[in-house]
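Working notes for the structure below.
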Amino acid sequence: RREYGDTLICFLKSNNLYKNPLASVTLTENAKQLKERLDVIMIEAVVFDMDGVLFDTERIGCECWEEAGRRMNLGDISEGVKGCMGRNKNDITILMYSLYGKDFPFDEFYGLTHTLMEQQIEQEGIPLKEGVREILDYLNRKGYKVGLASSAGRKSVMRNLEQTGLTHYFHQIITGDM
């Protein structure tokens with residue numbers, strides 16, 4: 001299994017963007033602070049995660065997982081919910097069975113969480129994190145290469161990008177099912 005950081009480095013190397021030293025910038029700061037950092041750091045590319053960085057989908061996902069647990073009378077599944085953030089379906093399956101035993105109804109549970117999340121997104125749309133369009137516009141104007149690396153599946157990633165009109169910003173997209 002490739003680690004998340006390895007995926008990012010492979011993206012940078014495959015697009016001739018990897019130079020030493022590699023700068024890392026997080027989106028825990030606001031768009032203005034991030035732009036100031038980018039102007040100082042001599043970098044050529046920025047790679048984003050999707051859930052919790054571009055979109056507020058981690059919050060929705062947690063709510064849906066908790067709701068599915070209640071509906072299925074599974075008791076407290078909060079440890080599984082927290083542990084599954086940033087993992088692909090295969091890793092989530094392994095984690096959930098390790099936490100809750102081989103009799104855990106994973107397929108039913110996962111299917112219900114997926115249905116609940118799809119319903120919520122259909123009703124409310126995909127919530128963008130504050131400043132996302134602003135920073136992507138800025139990066140585009142300045143000529144940065146922009147990538148997306150997500151543990152989510154390609155279908156989900158592309159749907160989210162298309163529904164929010166962000167697809168055109170990304171030069172490279174790497175997903176958890178690749």
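Overview of values
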read-out: Residues (open to solvent by less than 30 Å² (accessible area, probe 1.4 Å) and farther than 12 Å from Leu166 by Cβ) located in the stretch 108-128; value: Phe109, Thr113, Leu116, Ile121, Gly125
read-out: Qualifying residue in the stretch 131-148 (condition: without any contact (Cβ under 8 Å) to a residue 24 or more places away in the chain and farther than 17 Å from Val46 by Cα); value: no
read-out: Looking only at the stretch 129-144, and only at residues there that are in a loop (DSSP other than H, G, I, E, B) and more than 18 Å from Thr167 (Cβ to Cβ), the one that is most open to solvent (accessible area, probe 1.4 Å); value: Glu130
read-out: Number of the condition not met by Val53 [criteria: (1) within 23 Å of Gly176 (Cα to Cα); (2) part of a helix (DSSP H, G or I); (3) not basic (Lys, Arg)]; value: (2)
read-out: Output for the stretch 153-178, where each listed residue is closer than 20 Å to Thr115 by Cα, crowded, with 20+ Cβ neighbours inside 10 Å and at pLDDT 95 or above; value: Leu161
read-out: Tally of residues being under 16 Å from the mean Cα position of the chain (by Cα), closer than 19 Å to Ile126 by Cα and open to solvent by less than 40 Å² (accessible area, probe 1.4 Å) across the stretch 65-85; value: 0
read-out: Which numbered condition Pro105 misses (of (1) buried (at least 19 other Cβ atoms within 10 Å of the Cβ); (2) more than 15 Å from the chain's Cα centre (by Cα)); value: (1)
read-out: Leu99 vs. criteria in contact (Cβ under 8 Å) with a residue 40 or more places away in the chain, within 19 Å of Asp76 (Cα to Cα) and assigned to a helix (DSSP H, G or I); value: no
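The values are calculated or read from the model by the stated rules, or taken from the named source; none is laboratory data. Being a predicted model, the structure only gives us computed values, none of them experimental. So basically every Cβ, Gly included, is an ideal-geometry build from the backbone, and we count neighbours across all protein chains shown. Keep in mind that these areas ignore ligands, DNA and RNA; they rest on the heavy atoms of the full protein, side chains included. Shrake-Rupley method; radii C 1.70, N 1.55, O 1.52, S 1.80 Å.
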